[in-house]
Amino acid sequence: MKITDLFRIKKSVLTSEVGPVKGSVRPNPKSEKPKCLQEALAVRDYVDAVNVTDNQSAVMRLGSLPASVRLKESGIEPIYQITCRDRNRIALQSDILTAHSFGIDNILALTGDYTSLGDHRSAKPVFDLDSVQLIKIADGLKKGYDMMGHELTQAPDFALGAVVNPNFEPLDLQLLKMEKKIEAGAEFFQTQAVYDPRIFERFINIASGFGVPIQLGIVLVKSSKMAKFMNENVSGINVPENWIQEYDRAGTSKAKDVCVNLTSELVRELAPMCNGVHFMPLGWSSMVPEIIDKAGISKS
Amino acid sequence: MIGTVYKPMDEILSALEDCEKVIVTGCNGCAKVCKTGGEPEIKSMSEKLEAAGKTVVTQLLPERTCYIQHTTGAFQGHEDEIRSTDAFLVLGCGGAAQITRQALEEMGFLKPVKIGLDSVGHMDTVVANKLALEQCQECGECVLNETGGICPVTKCAKSLLNGPCGGAQNGKCEVDPERDCAWIMIYERMKALGEVNKLKVYTAPKDYSKMNKPRRVVLG
């Protein structure tokens, strides 16, 4: 199922995200389901699709494609994330064809975090293409041609998504790139995590005019320590000071309650401005259903 | 200018492990400017080798080692010393070490040539005695006409051609918070020039075959 079909008929499309495990997921009678699958199952009844990250933060893990296929086999609609960091233009096009061949209907194309942020810091960063180029080339594959103009024996078909960071300063420059992505073939957007309603409002007031569905992105904050860490280390994320104080006041034992309250409040306020919400729970997938219920939103 | 820095002394001594007699050479071009392979540096390196128990047969300093005739010229007249040495230690760039090997081969010598420096890039910008930095990667397909004279291939960590990633914080690159985001610099420059609209044009993937190695230019 292409997520773009849902955007056409629904006011709000909900997605969540899982990160593949650092290990193989070949079924083994003795092993339990891999954590990424368990997490996806925890949100299956509450969201329309689940993103599968591509060696997120440049940390080496199972590929996003086999993890996406495992989700699909379990009745969960995957959004296969693909980044430009680790593969050149030959491998990226090939992987897109492979993904479609394995039943993937949704692809999210990103630049990718730089190698030095991850656990293989001496790796050679590829970045043969940028995200705009990858989107344009993926769009070309859908039309039946590779980037060199060679005809494909069978064209893939998928919903092609992209990301945008509403926190970026100057915003005009980020919007300029967003428009280039749309021009290149991006059909829907998920935003970087936004915590400040004013920032989201400023962004959505302009971007909603671009005519493509936009989902608000939310990273679940687990503690004040994590919030501070993200503010210092995760690109483009700014958790406001009042959130950090809430977590400090409540203490570790109540952190999940604070997370549910603050996130659902934020979602309740911002979700009506856009076309849905994309949750990035970073291991707290089990919290997503409660947040969705409390925010008063639903997948259908 | 080719930027060079010293290899750790342990690594140099390890490379010369089987060699008792050594000729130390430098380069009076780039390595001199980098203060890694000029006259004072080959002298200092010779002292360190002597202190480590080596015998330094002689010190030679070609004017610019990348010009093979300068290198051969600096070696001529030293044939007896070359014959007697166990190895050469070159304080120059990777090209200098290979030209030294080639010059020796052309003179009929088969001698191990070891390098004492690591080459760290083509430094196109030099603030004398202070700093050398790379602003151009010699990609073979210059985009400066479209980017306000600021190179995203070199100055953006991800070499993005169609605008910034989402990672910049306070105008700084997500990879190195000390470094300005290249695309914000490009945007500000184009804005000042009244040319922001030009950034809306799609830039196609680069032809990286122009960077396939080894590259060459036919002169004359």
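Filter the stretch B:140-153 down to the residues that are out of contact with any Phe, Trp or Tyr (no Cβ under 8 Å at 6 or more places or on another chain) and either buried (at least 21 other Cβ atoms within 10 Å of the Cβ) or touching a residue at least 24 places away in the same chain (Cβ under 8 Å) (or both) and list them by number.
Of the residues in the stretch B:140-153, the ones out of contact with any Phe, Trp or Tyr (no Cβ under 8 Å at 6 or more places or on another chain) are B:140-151, B:153.
Within the stretch B:140-153, B:Gly140, B:Glu141, B:Val143, B:Glu146, B:Thr147, B:Gly148, B:Gly149, B:Ile150, B:Cys151, B:Val153 qualify.
Exactly one residue out of A:Lys181, A:Lys143, A:Lys124 is of a type in the set (Lys, Arg), crowded, with 24+ Cβ neighbours inside 10 Å and more than 15 Å from A:Gln81 (Cα to Cα), and it is A:Lys181. Restricted to the stretch A:28-59, and to residues there that are buried (at least 18 other Cβ atoms within 10 Å of the Cβ) and among the hydroxyl-bearing types (Ser, Thr, Tyr), the residue that is farthest from A:Ser12 (Cα to Cα) is A:Thr53. Restricting attention to the stretch A:84-97 and to residues that are outside any loop (DSSP other than H, G, I, E, B) and over 20 Å from A:Glu187 (Cα atoms), the residue that is nearest to the other protein chains (Cβ to nearest Cβ) turns out to be A:Arg89.
Yes/no matrix, rows are residues, columns are (1) in contact with a Gly (Cβ under 8 Å, 6 or more places away or on another chain); (2) of a type in the set (S, T, N, Q):
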{"residue": "B:Lys43", "(1), (2)": "no, no"}
{"residue": "B:Val57", "(1), (2)": "no, no"}
{"residue": "B:Leu61", "(1), (2)": "yes, no"}
{"residue": "B:Gly77", "(1), (2)": "no, no"}
{"residue": "B:Glu81", "(1), (2)": "no, no"}
{"residue": "B:Thr100", "(1), (2)": "yes, yes"}
{"residue": "B:Leu104", "(1), (2)": "no, no"}
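Here the condition is being over 14 Å from B:Lys21 (Cα atoms), exposed (fewer than 14 other Cβ atoms within 10 Å of the Cβ) and not polar (S, T, N, Q); of B:Glu50, B:Glu63, B:Glu105, B:Glu41, it holds for B:Glu105 alone. Taken over the stretch A:282-298, the criterion of being of a type outside the set (Ser, Thr, Tyr) and not in a helix (DSSP H, G or I) is satisfied by A:Leu282, A:Gly283, A:Trp284, A:Gly296, A:Ile297.
How many residues are loosely packed, with under 15 Cβ neighbours inside 10 Å and closer than 22 Å to B:Met211 by Cβ when one looks only at the stretch B:125-134? Result for the stretch B:125-134: 2. Only one entry in A:Lys10, A:Lys33 is touching a Ser or Thr at 6+ places or on another chain (Cβ under 7 Å), modelled with pLDDT under 95 and on the phi < 0 side of the Ramachandran plot, namely A:Lys10.
Condition first: aliphatic (A, V, I, L, M) and in a helix (DSSP H, G or I). Now tell me which residues in the stretch A:200-252 satisfy that.
Those that are aliphatic (A, V, I, L, M) and in a helix (DSSP H, G or I): A:Ile204, A:Ile206, A:Ala207, A:Met226, A:Ala227, A:Met230, A:Ile244, A:Ala250.
Checking each residue in the stretch A:153-182 for being more than 11 Å from chain B (Cβ to nearest Cβ), within 17 Å of the chain's Cα centre (by Cα) and either more than 14 Å from A:Pro213 (Cα to Cα) or at pLDDT below 95 (or both) picks out only A:Phe158.
Somewhere in the stretch A:184-191, is a residue in contact with a strand residue (DSSP E or B) (Cβ under 6 Å, 6 or more places away or on another chain), on the phi < 0 side of the Ramachandran plot, within 14 Å of chain B (Cβ to nearest Cβ) and β-branched (Val, Ile, Thr)?
yes
Condition (residue is more than 19 Å from A:Asp157 (Cα to Cα) and either within 14 Å of chain B (Cβ to nearest Cβ) or surrounded by 21 or more Cβ atoms within 10 Å (Cβ to Cβ) (or both)) applied to the stretch A:98-112: is it met by at least one residue? Yes, that holds for at least one residue.
Could you go through the stretch B:126-142 and let me know if any residue there is within 14 Å of chain A (Cβ to nearest Cβ) and more than 22 Å from the chain's Cα centre (by Cα). No - not one qualifying residue is present in the stretch B:126-142. Of all residues in the stretch A:201-222, those satisfying the criterion of being closer than 28 Å to A:Asp105 by Cβ and touching a residue at least 40 places away in the same chain (Cβ under 8 Å) are A:Ile204, A:Ala207, A:Ser208, A:Pro213, A:Ile214, A:Gln215, A:Leu216, A:Gly217, A:Ile218, A:Val219, A:Leu220. Looking at the structure I just gave you, is A:Leu129 touching a Pro at 6+ places or on another chain (Cβ under 9 Å), over 24 Å from A:His278 (Cα atoms), surrounded by 22 or more Cβ atoms within 10 Å (Cβ to Cβ) and not β-branched (Val, Ile, Thr)? Criteria met by A:Leu129. Inspect all residues belonging to the stretch A:61-83 and state whether any of them is of a type outside the set (Gly, Ala, Ser) and within 13 Å of chain B (Cβ to nearest Cβ). Taking every residue of the stretch A:61-83 in turn, at least one turns out to be of a type outside the set (Gly, Ala, Ser) and within 13 Å of chain B (Cβ to nearest Cβ). For the stretch A:15-34, a tally of residues being over 14 Å from A:Gly63 (Cβ atoms), free of Cβ contacts under 8 Å to residues at least 24 places away in the same chain and of a type in the set (D, E, K, R) returns 3.
B:Glu174 falls short on exactly one of the conditions (1) at the interface with chain A (Cβ under 8 Å from one of its Cβ atoms); (2) closer than 16 Å to A:Leu175 by Cα; (3) surrounded by 13 or more Cβ atoms within 10 Å (Cβ to Cβ), and that condition is (2). Find all pairs meeting these conditions: Cβ atoms under 8 angstrom apart; at least six residues apart or on different chains; first residue within the stretch B:119-136 and at negative phi; second residue in a strand (DSSP E or B) and hydroxyl-bearing (Ser, Thr, Tyr). Qualifying pairs under 8 Å: B:Ser119/B:Thr4; B:Val120/B:Thr4; B:Ala132/B:Thr125; B:Leu133/B:Thr125; B:Glu134/B:Thr125; B:Gln135/B:Thr125.
May I ask you to list the residues in the stretch A:126-135 that are more than 7 Å from chain B (Cβ to nearest Cβ) and either among the aromatic types (Phe, Trp, Tyr) or more than 19 Å from the chain's Cα centre (by Cα) (or both)? Listed by number, the list holds a single entry, A:Val126.
Within the stretch A:1-36, the set of residues being of a type in the set (Asp, Glu) and either part of a loop (DSSP other than H, G, I, E, B) or in contact with a helix residue (DSSP H, G or I) (Cβ under 6 Å, 6 or more places away or on another chain) (or both) comprises A:Glu32 only. Total residues in the stretch B:35-72 satisfying the condition of being in a loop (DSSP other than H, G, I, E, B), in contact with a strand residue (DSSP E or B) (Cβ under 9 Å, 6 or more places away or on another chain) and closer than 25 Å to B:Ile2 by Cβ: the figure is 6.
The values are calculated or read from the model by the stated rules, or taken from the named source; none is laboratory data. Because the structure is a prediction, the values reported are computed rather than measured. In this analysis, Cβ positions are derived from the backbone assuming ideal geometry, glycine residues included, and neighbour counts consider all displayed protein chains.
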